[in-house]
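What follows is a single structure, written as structure tokens, with notes after it.
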Amino acid sequence: MRQTLLFAAMGLALILVGLFQSWNVALSILNLSLISAVMALGVNIQWGYAGLFNVGMMGFAALGGVAAVLVSVSPVPEAWAAGGSGVLLSAVLLAATVGAIWFARRNLARGWRGLATGLLVIAGYAAIRTVYDPAVDAIEAVDPARSGYLGGLGLPIVLGWAVGGVLAGAAAWVIGKVTLGLRADYLAIATLGISEIVLAVLKNEDWLARGVKNVSGLPRPVPREIALQEADWFIDFAARFGATAQEASGVFVKSCYAALFALVLAVIFWLSNRALNAPWGRMMRAIRDNRDAAEAMGKDVTRRHLQVFVLGSAVVGIAGAMLVTYDGQFTPGSYNPLRFTFLVWVMVIVGGSGNNAGAVLGGFLIWFLWIEAEPAGAILMRSLTFWMEDGSPLRSHLLGAAPHLRLFLMGLILLLVLRFAPRGLIPERQGSQRS
Amino acid sequence: MTDILNALVLLSNFVLVPGLAYGSQLALGALGVTLVYAVLRFSNFAHGDLMAFGAMCTILVTWGLQSLGVSFGPLPTALLALPLGIIGAVLLSLVFDRFVYRFYRQQKAAPVVFVIASVGVMFMINGLVRLIIGPDDQRFTDGERFIIRAREFREWTGLSEGLAIRTTQGITVLVAIVVVIALFWFLNRSRMGKAMRAYSDNEDLALLSGINPDRVVLYAWIIAAALATIAGTLYGLDKSFKPFTYFQLLLPIFASAIVGGIGNPVGAIAGGFVIAFSEVTVTYAYKKFLTYLVPESWAPEGLVQLLSTDYKFAVSFVILVLVLLIRPTGIFRGRVI
């Protein structure tokens, strides 16, 4: 009941935005809310099910985004000819180095391990740099203003969503192997750092996805506005609603996106709800609530944690790929932990951790507030400072600073919910309440 | 011989001096994190933004003093404004402790709840700082810019490489030394400091021997906020003040505290310098340095840079992860979370 009411209120709020601001704004809030909801589901899988405190969402979202780019853009044959083999060879060398270190550490006597590892790292590093540097320079020299990277596979971008999930999951497996032995605080700090490293790599390795030069004009899974405005059937279609093709095309394209995103959200939601209510979910909650007892019952806690870490990160990766598809461009410079990691956390905590419906609601609500806090903040500031003179520097400063109110507001909401409704707006159902 | 001296001067100019200054700033930040961890037992994600807030208060007071025509001679006016900045940060910390953390302390909530609460505090302080001073770069350095100028050094020594030491770098190191000595005197000699260490070691025993936990927490926040303001102001003087940079500083600061051994003040200082020097040495281009040392024909062609400067933050985290894996307690035995 409470759940239905809250979701209905959310829908009403979006409709009001559509009526009073514009349907374009309402639909773009809806689309990003859908993506945020998928991300929040990913966090909820890790935190709500298993109690893993992962604050590396930004890194996984970026990995999903880069996967969407690499799947969809067309390959750059000149770049492959110039340095493709060099990059591939350095990847092989990297694998060989890691393999050799692993082999040496396994088979050598204790005293020699450190020395052997050190020597192998130096030798491997030198070998990789000699192959890698010229290859990268060659690739980045190919038409640097427009490409300068290897390009992708030229496949439909929707395929990139799945690949994004796989890529993020694979990265999570490696990261999880390293960090999951750590307890809550350390895991948080380690994942925060790793997400920064992922971003640093994406920003600087121009041969991969052009780094901070950005990849724009990605292929789209839905028609382009321009094409629609010229299509006869669409002009008729728009006329039936009494709108011009120009106005209707934006709304139509955004609705197509919304349908696609809603489908993905529904599938992930259904799957994760089934998992949560299955014996697997019960086991996860048992591990979360009492790790020692679960371990005593013979559950392999470390393995389960790794599993849930990979699953949750993969979901975040899918969301990241969807986001890049929606933006139509990949801009590593725009990733920022406040927006991509901590805001998603606020969504999960506010919505209700451990409850998938709560996470989805949190995704919608917080994204809505995040967007609408900007105009609302401006209105608030204007009314708070109405008594000041029009040209006063303090007033213009305050009005200029109004958009930053939303960070303050997010913190306030998080703290209020954490204190007065620690289980969120839609609390986790427990014991016999479960269906 | 001159070549070796030139190489050494070059290295001091670009590695040693900046590393020392950056290391002092990290050490002061890490001390605050470690202190909060030792007494309140959680990793404070809001510490970077607390630094920004303290530095912001100092900047505002500095501007006020500058407009009144007050100056500190060759030293930056910000040093005069520092006490007021510290008071601002302390008040903010105490307000948040009263309205946020105290509740969870009474509930004996799990550490992870504190961490999530500190994320909320982080958002709020971040928003507050941007609201008051804006998200842009602010410069507030004044007074004499250099202690030693590169040109004077060259003329004085006759070497071809110059050594420049900026006033802010000198002040950073000096202030850090003074603050650390005062802090250690407080922790080891004063009654309150001893009480804090006892409380950190064993809460129950400390309560049993009549130590007032509220006072311990109060002092912990006062000291942490003071350290944060000093670190933030020094960083802002040395580089420049931009709210987002302080949020990013959180990462190397955590790394310093953990690498040294979290909860251990000596470790925080050691960790700060370990992280600072690894960042600087790994991202420094050694081409010119090597050119002085090896015969001309061996001179390297590339920059001889291990990693590009953009990977600066990555370095501290690789070290952090390695330490967590090999020796989770840090260099100086801290606690394991």
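The values are calculated or read from the model by the stated rules, or taken from the named source; none is laboratory data. Quantities reported herein were computed from a predicted structural model and do not represent experimental measurements. Note that each Cβ is placed from the backbone with ideal geometry, even for glycine, and that neighbours are counted across all protein chains shown. Side chains included, ligands, DNA and RNA excluded: accessible areas come from the protein's heavy atoms. Shrake-Rupley method; radii C 1.70, N 1.55, O 1.52, S 1.80 Å.
Residue-wise test of (1) away from chain A (no Cβ under 14 Å); (2) of a type in the set (Phe, Trp, Tyr); (3) in contact (Cβ under 8 Å) with a residue 40 or more places away in the chain; (4) open to solvent by less than 20 Å² (accessible area, probe 1.4 Å).
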| residue | (1), (2), (3), (4) |
| --- | --- |
| B:Arg41 | no, no, yes, no |
| B:Asp49 | no, no, yes, yes |
| B:Leu60 | no, no, yes, no |
| B:Ser67 | no, no, no, no |
| B:Leu79 | yes, no, yes, no |
| B:Asp97 | no, no, yes, yes |
| B:Ile116 | no, no, no, yes |
* Which residue pairs have Cβ atoms under 9 Å apart, sit 6 or more places apart or on different chains, and have a first residue in segment A:406-419 that is of a type in the set (S, T, N, Q) and a second that is at pLDDT below 95? -> none
* Specify the residue that is nearest to B:Glu279 (Cα to Cα); the eligible residues are those in segment B:322-333 that are open to solvent by 40 Å² or more (accessible area, probe 1.4 Å) and within 14 Å of chain A (Cβ to nearest Cβ). => B:Leu322
* Only one of these is loosely packed, with under 15 Cβ neighbours inside 10 Å and within 14 Å of another protein chain (Cβ to nearest Cβ): A:Gly176, A:Gly181. Name it. => A:Gly181
* Enumerate the pairs (first residue in segment B:183-204 and open to solvent by 20 Å² or more (accessible area, probe 1.4 Å); second residue anywhere and not in a helix (DSSP H, G or I)) with beta-carbon separation below 8 Å, excluding pairs fewer than 6 apart on the same chain, so at least 6 apart or on different chains. => B:Ala198/B:Ser209; B:Ala198/B:Ile211
* Might you let me know whether segment A:314-328 holds any residue that is in contact with a Leu (Cβ under 6 Å, 6 or more places away or on another chain) and either surrounded by fewer than 22 Cβ atoms within 10 Å (Cβ to Cβ) or modelled with pLDDT under 90 (or both)? => yes
* To do: Go through segment A:327-435 and tell me which helices (runs of 4 or more DSSP H), entirely inside it, have 2 or more residues that are out of contact with any helix residue (DSSP H, G or I) (no Cβ under 8 Å at 6 or more places or on another chain) and more than 9 Å from every other protein chain (Cβ to nearest Cβ).
  => A:356-384, A:393-401
* To do: Can you confirm whether segment B:119-130 contains a residue that is open to solvent by less than 40 Å² (accessible area, probe 1.4 Å), touching a Lys or Arg at 6+ places or on another chain (Cβ under 9 Å) and in contact (Cβ under 8 Å) with a residue 40 or more places away in the chain?
  => no
* Structure fact -> With the first residue restricted to segment B:209-225 and required to be under 14 Å from B:Leu40 (Cβ atoms), and the second required to be at pLDDT 95 or above and open to solvent by 30 Å² or more (accessible area, probe 1.4 Å), Cβ contacts under 7 Å at 6 or more apart or on different chains are B:Trp221/B:Leu94; B:Ala225/B:Ile86
* To do: Give the residue that is least open to solvent (accessible area, probe 1.4 Å), with candidates limited to residues of segment A:194-204 that are at the interface with another protein chain (Cβ under 7 Å from one of its Cβ atoms) and without any contact (Cβ under 8 Å) to a residue 60 or more places away in the chain.
  => A:Ala200
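For every residue, the table says whether it meets (1) crowded, with 21+ Cβ neighbours inside 10 Å; (2) at pLDDT below 80.
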| residue | (1), (2) |
| --- | --- |
| B:Ala255 | yes, no |
| B:Ile258 | yes, no |
| B:Val274 | yes, no |
| B:Phe289 | no, no |
| B:Val294 | no, yes |
| B:Leu320 | yes, no |
